[in-house]
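**Student:** My questions will all concern the structure given below.
What follows is calculated from the coordinates using simple rules that are stated; it is not laboratory data. Just so it is clear, the structure is predicted and the values come from calculations on it, not from any experiment. We place every Cβ from the backbone using ideal geometry, glycine too, and count neighbours over all the protein chains shown.
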């Protein structure tokens, strides 16, 4: 079945970590997998933008013990054979503060492990390591991919985040460069995978469109990082394999 839990850890804000996480989830669902995406980026709350309708419960409410995790899992309506459930952060400041405590981080760890027993894969959207919930998500995941924008700033900040992951005993399994071929794109020497720039106008997952340039690159990355063979087909490359 492959690796159950993978954390995408941003090297800096604006690296495209949330977008890469949901594109990977969509790719896995296209391959028939069930996927849960858990938001550990409490400050930016980017995952909430992919949920339609009202969010009465979120991952911070789960972390502080107010609601069970099932109340904060929202099915994502995408065109795929599998399914994706999103567990976003969307909370007032008071609850955000309580959700960032060490005790809430321990609860988050248990929740991630619980969800991992019910889905084929759990993907974690993690900000740069500087908070209890970020450490909890990174250390609970079986693998971690550092997400770095293909820019000079991204390259400069990469060693710092690699060091922080080593410091918490959860070294990065791979580096993924995003925003490749953007206006300020520069190569990232340590990158095991590169993902093309995704424009701000792309509101739906490009990974469900086999004709997009994002779909095959994200599929290659997902297969490698999660040790799976999705058997996805792309027009240019025929049957895709690792």
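**Student:** Separation between the residue 97 and residue 75 pseudo-spin-labels, each 7 Å from Cα along Cα→Cβ, expressed in nm?
**Tutor:** 3.8 nm
**Student:** Continuing with this model, one more query. With 10 angstrom as the radius, rank 78, 129 by how many other C-beta atoms surround their C-beta, starting from the fewest.
**Tutor:** Least crowded to most crowded, the residues run 78, 129.
**Student:** Which Rg and Dmax, in Å, describe the Cα atoms of region 5-239?
**Tutor:** Cα only, region 5-239: 16.5, 51 Å (Rg, Dmax).
**Student:** I need 193, 121, 90 ordered by Cβ neighbour count within 10 Å, fewest first.
**Tutor:** 193, 90, 121
**Student:** Tell me, 42, 8, 74, 234 in order of fewest to most beta-carbon neighbours within 10 Å?
**Tutor:** 234, 74, 42, 8
**Student:** Follow-up. Antiparallel as a % of all DSSP beta bridges within region 5-239, to the nearest 5?
**Tutor:** Looking only at bridges with both residues in region 5-239, the antiparallel portion is about 10 percent.
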